[in-house]
Amino acid sequence: MGRHTVYRLFESALPVELCDLLMRQGAELSLTQAALRPDDGEDFHDHSIRETRVAFWDPSHWVSGLLVHFASLANRETWNYRISLSQGVQYGEYGVGGKYDWHKDEFDQPFGDEAPIQWQGLSRKLSVVGVLSDPGDYSGGELRFKDTYGREVSDPALQAAVGRRGSIVVFPAYIPHTVSPVTEGKRCSIVSWIIGPPFV
(Lines give C-alpha, C1' and ligand atoms only; values in the text may rest on other atoms or scores of the structure.)
Protein backbone atom coordinates (compact mmCIF):
# COMPACT_ATOMS: atom_id res chain seq x y z
CA MET A 1 0.00 0.00 0.00
CA GLY A 2 1.14 3.54 -0.67
CA ARG A 3 0.40 6.75 -2.54
CA HIS A 4 -1.73 4.98 -5.17
CA THR A 5 -4.06 3.45 -2.55
CA VAL A 6 -7.32 5.34 -2.97
CA TYR A 7 -9.05 4.78 0.37
CA ARG A 8 -9.15 2.85 3.63
CA LEU A 9 -12.59 1.74 4.79
CA PHE A 10 -13.74 1.06 8.35
CA GLU A 11 -17.10 -0.62 7.83
CA SER A 12 -19.85 0.16 10.39
CA ALA A 13 -17.22 1.57 12.75
CA LEU A 14 -19.59 3.86 14.66
CA PRO A 15 -22.49 2.33 16.64
CA VAL A 16 -26.03 3.34 15.71
CA GLU A 17 -26.50 5.15 19.03
CA LEU A 18 -23.47 7.35 18.30
CA CYS A 19 -24.76 8.12 14.80
CA ASP A 20 -28.11 9.15 16.33
CA LEU A 21 -26.35 11.40 18.86
CA LEU A 22 -24.22 13.10 16.21
CA MET A 23 -27.24 13.69 13.98
CA ARG A 24 -29.14 15.27 16.89
CA GLN A 25 -26.19 17.47 17.83
CA GLY A 26 -25.50 18.35 14.20
CA ALA A 27 -29.11 19.40 13.61
CA GLU A 28 -28.79 21.84 16.54
CA LEU A 29 -25.90 23.66 14.85
CA SER A 30 -26.44 26.69 12.59
CA LEU A 31 -26.49 25.05 9.16
CA THR A 32 -25.73 27.18 6.10
CA GLN A 33 -25.32 26.56 2.39
CA ALA A 34 -21.87 25.08 1.78
CA ALA A 35 -19.42 27.29 -0.08
CA LEU A 36 -16.73 26.51 -2.62
CA ARG A 37 -13.22 27.79 -2.02
CA PRO A 38 -10.87 28.36 -4.96
CA ASP A 39 -7.14 28.55 -4.32
CA ASP A 40 -6.84 32.09 -5.62
CA GLY A 41 -10.07 33.77 -4.54
CA GLU A 42 -12.86 34.12 -2.00
CA ASP A 43 -15.55 31.61 -1.10
CA PHE A 44 -18.50 31.47 -3.48
CA HIS A 45 -21.70 29.47 -3.96
CA ASP A 46 -22.66 27.49 -7.06
CA HIS A 47 -25.64 25.19 -6.57
CA SER A 48 -24.87 23.43 -9.85
CA ILE A 49 -21.60 22.17 -8.29
CA ARG A 50 -22.38 21.82 -4.59
CA GLU A 51 -25.75 21.65 -2.87
CA THR A 52 -25.22 20.88 0.81
CA ARG A 53 -26.06 22.44 4.15
CA VAL A 54 -23.18 22.35 6.62
CA ALA A 55 -22.07 23.46 10.06
CA PHE A 56 -18.85 22.99 12.00
CA TRP A 57 -17.86 21.73 15.39
CA ASP A 58 -14.86 23.33 17.03
CA PRO A 59 -11.61 21.34 16.65
CA SER A 60 -11.71 20.77 20.42
CA HIS A 61 -15.06 18.91 20.21
CA TRP A 62 -14.78 15.22 21.12
CA VAL A 63 -15.91 14.05 17.66
CA SER A 64 -12.74 15.56 16.20
CA GLY A 65 -10.63 13.19 18.30
CA LEU A 66 -12.74 10.28 17.14
CA LEU A 67 -12.10 11.00 13.45
CA VAL A 68 -8.41 11.69 14.12
CA HIS A 69 -8.23 8.18 15.59
CA PHE A 70 -9.47 6.58 12.35
CA ALA A 71 -7.30 8.86 10.21
CA SER A 72 -4.21 7.99 12.24
CA LEU A 73 -4.94 4.27 12.09
CA ALA A 74 -5.52 4.36 8.32
CA ASN A 75 -2.41 6.48 7.80
CA ARG A 76 -0.21 4.13 9.81
CA GLU A 77 -1.51 1.08 7.94
CA THR A 78 -1.63 2.60 4.45
CA TRP A 79 0.20 5.85 3.58
CA ASN A 80 2.48 6.79 6.48
CA TYR A 81 2.22 10.52 5.77
CA ARG A 82 3.48 13.12 8.21
CA ILE A 83 0.31 14.54 9.79
CA SER A 84 -0.11 17.13 12.50
CA LEU A 85 -3.69 18.01 13.49
CA SER A 86 -7.36 18.15 12.52
CA GLN A 87 -9.19 21.16 11.08
CA GLY A 88 -12.24 20.15 13.11
CA VAL A 89 -15.39 18.40 11.93
CA GLN A 90 -18.06 19.44 9.43
CA TYR A 91 -21.60 18.14 9.81
CA GLY A 92 -23.41 17.98 6.47
CA GLU A 93 -26.96 17.38 5.29
CA TYR A 94 -27.77 16.46 1.68
CA GLY A 95 -31.50 16.79 1.00
CA VAL A 96 -33.21 15.88 -2.27
CA GLY A 97 -30.99 17.28 -5.03
CA GLY A 98 -28.06 17.57 -2.64
CA LYS A 99 -24.72 16.71 -4.23
CA TYR A 100 -21.07 17.66 -4.59
CA ASP A 101 -19.50 17.33 -8.03
CA TRP A 102 -16.03 15.88 -8.61
CA HIS A 103 -13.41 17.74 -6.57
CA LYS A 104 -10.29 17.36 -4.43
CA ASP A 105 -9.98 18.51 -0.82
CA GLU A 106 -6.29 19.39 -1.23
CA PHE A 107 -5.41 23.02 -2.00
CA ASP A 108 -2.57 24.00 -4.34
CA GLN A 109 -0.78 25.96 -1.62
CA PRO A 110 -0.29 25.46 2.13
CA PHE A 111 -2.42 27.55 4.47
CA GLY A 112 -1.19 31.15 4.67
CA ASP A 113 -1.51 33.98 7.20
CA GLU A 114 -5.27 34.23 6.65
CA ALA A 115 -5.64 30.85 8.39
CA PRO A 116 -5.43 30.12 12.13
CA ILE A 117 -1.80 30.28 13.24
CA GLN A 118 -1.61 26.54 13.99
CA TRP A 119 -2.58 25.74 10.36
CA GLN A 120 -0.16 28.13 8.68
CA GLY A 121 2.40 26.42 6.46
CA LEU A 122 0.49 23.12 6.57
CA SER A 123 -1.55 21.35 3.87
CA ARG A 124 -4.54 19.06 3.80
CA LYS A 125 -3.20 15.50 3.71
CA LEU A 126 -6.13 13.20 4.57
CA SER A 127 -9.92 13.44 4.39
CA VAL A 128 -12.21 11.47 6.70
CA VAL A 129 -15.90 10.87 5.94
CA GLY A 130 -18.40 9.24 8.29
CA VAL A 131 -21.88 8.11 7.19
CA LEU A 132 -24.53 8.87 9.85
CA SER A 133 -27.83 8.19 8.05
CA ASP A 134 -29.58 4.86 7.82
CA PRO A 135 -29.34 3.70 4.18
CA GLY A 136 -33.11 3.22 4.16
CA ASP A 137 -33.60 6.95 4.84
CA TYR A 138 -32.25 8.16 1.48
CA SER A 139 -31.51 7.18 -2.11
CA GLY A 140 -28.55 8.35 -4.20
CA GLY A 141 -25.85 10.27 -2.35
CA GLU A 142 -23.13 7.78 -3.22
CA LEU A 143 -19.54 8.65 -2.34
CA ARG A 144 -17.40 7.79 -5.37
CA PHE A 145 -13.67 8.05 -6.08
CA LYS A 146 -11.24 8.31 -8.95
CA ASP A 147 -7.81 6.75 -8.71
CA THR A 148 -4.55 8.65 -9.19
CA TYR A 149 -4.83 8.05 -12.95
CA GLY A 150 -8.25 9.70 -13.14
CA ARG A 151 -10.23 6.47 -13.58
CA GLU A 152 -13.44 6.12 -11.59
CA VAL A 153 -13.16 3.35 -9.01
CA SER A 154 -15.83 0.75 -9.72
CA ASP A 155 -16.26 -1.32 -6.59
CA PRO A 156 -19.79 -2.50 -5.67
CA ALA A 157 -18.44 -3.79 -2.35
CA LEU A 158 -17.22 -0.27 -1.52
CA GLN A 159 -20.63 1.26 -2.28
CA ALA A 160 -22.36 -1.36 -0.18
CA ALA A 161 -20.01 -0.74 2.74
CA VAL A 162 -20.05 3.06 2.47
CA GLY A 163 -23.84 2.91 2.39
CA ARG A 164 -23.88 1.23 5.79
CA ARG A 165 -24.54 3.46 8.74
CA GLY A 166 -21.49 4.29 10.84
CA SER A 167 -18.92 3.49 8.14
CA ILE A 168 -15.78 5.64 8.04
CA VAL A 169 -13.71 6.23 4.90
CA VAL A 170 -10.24 7.79 4.98
CA PHE A 171 -8.52 8.90 1.78
CA PRO A 172 -5.72 11.23 0.65
CA ALA A 173 -6.92 14.80 0.11
CA TYR A 174 -5.59 14.74 -3.47
CA ILE A 175 -7.99 11.94 -4.51
CA PRO A 176 -10.90 13.18 -6.69
CA HIS A 177 -14.27 12.26 -5.24
CA THR A 178 -17.95 13.14 -5.58
CA VAL A 179 -21.26 12.73 -3.79
CA SER A 180 -23.93 11.83 -6.36
CA PRO A 181 -27.30 13.62 -6.18
CA VAL A 182 -29.67 12.51 -3.46
CA THR A 183 -32.95 11.49 -5.11
CA GLU A 184 -35.00 10.79 -1.99
CA GLY A 185 -34.72 11.49 1.74
CA LYS A 186 -31.72 13.02 3.47
CA ARG A 187 -28.08 11.93 3.76
CA CYS A 188 -26.20 13.10 6.87
CA SER A 189 -22.45 12.85 7.24
CA ILE A 190 -19.44 14.08 9.17
CA VAL A 191 -16.21 15.13 7.48
CA SER A 192 -12.79 16.11 8.78
CA TRP A 193 -9.50 17.09 7.16
CA ILE A 194 -6.16 16.16 8.66
CA ILE A 195 -3.33 18.55 7.90
CA GLY A 196 0.43 18.30 8.02
CA PRO A 197 3.66 19.41 6.32
CA PRO A 198 3.19 19.83 2.55
CA PHE A 199 3.99 16.95 0.23
CA VAL A 200 7.46 17.40 -1.21
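Points worth noting:
- When ASP105, ASP113 are checked against the criterion of being under 23 Å from TYR7 (Cα atoms) and either in a loop (DSSP other than H, G, I, E, B) or of a type in the set (A, V, I, L, M, F, W, C) (or both), a single residue qualifies: ASP105.
- Filter result (over 23 Å from ILE175 (Cβ atoms) and surrounded by fewer than 18 Cβ atoms within 10 Å (Cβ to Cβ)) within the stretch 92-110: GLY95, VAL96, GLY97
- Residue that is surrounded by 15 or more Cβ atoms within 10 Å (Cβ to Cβ) and at pLDDT 95 or above, where the choices are PRO135, PRO176: PRO176
- Residue within the stretch 22-45 that is surrounded by 12 or more Cβ atoms within 10 Å (Cβ to Cβ), of a type in the set (D, E, K, R) and without any contact (Cβ under 8 Å) to a residue 60 or more places away in the chain present: no
- For the stretch 53-93, the candidate set comprises residues that are in a strand (DSSP E or B) and touching a Lys or Arg at 6+ places or on another chain (Cβ under 8 Å); within that set, the residue that is farthest from ILE195 (Cα to Cα) is GLU93.
- Filter pass, PRO156 being at pLDDT 95 or above and either touching a Phe, Trp or Tyr at 6+ places or on another chain (Cβ under 8 Å) or surrounded by fewer than 17 Cβ atoms within 10 Å (Cβ to Cβ) (or both): no
- Index of the failed condition, ASP113 passing every other in (1) closer than 16 Å to ALA13 by Cα; (2) of a type outside the set (A, V, I, L, M); (3) loosely packed, with under 14 Cβ neighbours inside 10 Å: (1)
- The stretch 35-58, subset modelled with pLDDT under 95 and small (Gly, Ala, Ser), residue farthest from SER133 (Cα to Cα): GLY41
- Lone qualifier among SER86, SER72, SER12 - being among the small types (Gly, Ala, Ser) and modelled with pLDDT under 95: SER12
The values are calculated or read from the model by the stated rules, or taken from the named source; none is laboratory data. None of these values were measured; they are calculated from a predicted model. So basically every Cβ, Gly included, is an ideal-geometry build from the backbone, and we count neighbours across all protein chains shown.
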